[in-house]
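So the structure is just underneath, and the comments pick up after that.
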Amino acid sequence: MPMETLHDLYVNELKDLYNAENQLLKALPRMAKKASAPELRAAFEEHLEVTRKQIERLDEVFTELGVSPKGKKCKAMEGLIEEGKEVLEEVGDPAVIDAALIACAQRVEHYEMAGYGCVRSFATLLGFEDAAALLQETLDEEGEADKKLTELAESVINIDADAADGEDGEEDEEEVPVAAAKRTSTKTPAKGKR
């Protein structure tokens with residue numbers, strides 16, 4: 001599809017997002033299944049339902065435009081999902097795997113926020129106010145999902161992943177204070193050296 005006008009670009013980007021959401025619809029159940037923390041599993045399952053509603057909104061936008069949503073493969077989402085598949089195949093501490101799943105999911109959310117921000121702006125400029133409102137609703141949901149993932153990571157998952165480092169029960173008592181000191185130390189130059 002040639003991109004001669006902002007309208008052409010708008011339709012092209014919408015098709016990209018439509019394909020991205022449909023790819024994500026297939027990936028989220030696998031991510032939920034791999035998640036070991038119940039809170040993370042629930043977050044993925046909840047976002048699966050939100051994604052279905054987002055696809056319905058995109059269908060409304062395409063109906064308003066009189067254009068088919070098909071015809072474009074989102075290579076960026078394909079790559080992000082491929083990275084996620086690598087995590088799904090990993091073997092390791094469940095808390096660390098959960099932290100990796102959150103990192104993958106947040107990459108997806110940031111990609112989607114960028115895409116929805118652009119098409120919402122295009123819709124507004126082109127006078128598609130109803131579409132702009134629908135796209136803003138999705139953009140808000142993507143931001144909420146990202147925030148929820150951050151809160152989950154910072155309050156539970158990353159803390160559990162960090163604790164997994166020494167769960168083998170054979171910690172060297174001398175190593176623990178050194179590791180803790182490295183996290184909190186501030187380097188100051190020795191006297192006489194600059």
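Tabulated data
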| item | result |
| --- | --- |
| Complete set of residues in the range 111-121 that are within 18 Å of Asp59 (Cβ to Cβ) and in contact (Cβ under 8 Å) with a residue 60 or more places away in the chain | Glu112, Gly115, Tyr116, Val119 |
| Check on His7, within 19 Å of Leu139 (Cα to Cα), in contact (Cβ under 8 Å) with a residue 12 or more places away in the chain, open to solvent by 50 Å² or more (accessible area, probe 1.4 Å) and out of contact with any strand residue (DSSP E or B) (no Cβ under 7 Å at 6 or more places or on another chain) | no |
| Unique match (being open to solvent by 70 Å² or more (accessible area, probe 1.4 Å) and aliphatic (A, V, I, L, M)) among Leu125, Leu135 | Leu125 |
| Filter pass, Val67 being part of a loop (DSSP other than H, G, I, E, B) and of a type in the set (A, V, I, L, M) | yes |
| Test: residue in the range 90-101 that is open to solvent by 80 Å² or more (accessible area, probe 1.4 Å) and over 13 Å from the mean Cα position of the chain (by Cα) | yes |
| Of all residues in the range 31-41 being assigned to a helix (DSSP H, G or I) and more than 15 Å from the chain's Cα centre (by Cα), the one that is farthest from Asn158 (Cα to Cα) | Lys33 |
| Test: residue in the range 100-110 that is in contact with a Cys (Cβ under 6 Å, 6 or more places away or on another chain), in a helix (DSSP H, G or I) and more than 30 Å from Leu65 (Cα to Cα) | no |
| The listed residue being under 21 Å from Leu9 (Cα atoms), in a helix (DSSP H, G or I) and open to solvent by 70 Å² or more (accessible area, probe 1.4 Å), out of Glu83, Glu49, Glu60 | Glu60 |
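The values are calculated or read from the model by the stated rules, or taken from the named source; none is laboratory data. Quick caveat, the model's predicted, so the values are computed rather than measured. Cβ coordinates were reconstructed from backbone atoms using ideal geometry, including for glycine residues, and neighbour counts include every protein chain displayed. What goes into the accessible areas is simple: the full protein's heavy atoms, side chains included, and nothing from ligands, DNA or RNA. Shrake-Rupley method; radii C 1.70, N 1.55, O 1.52, S 1.80 Å.
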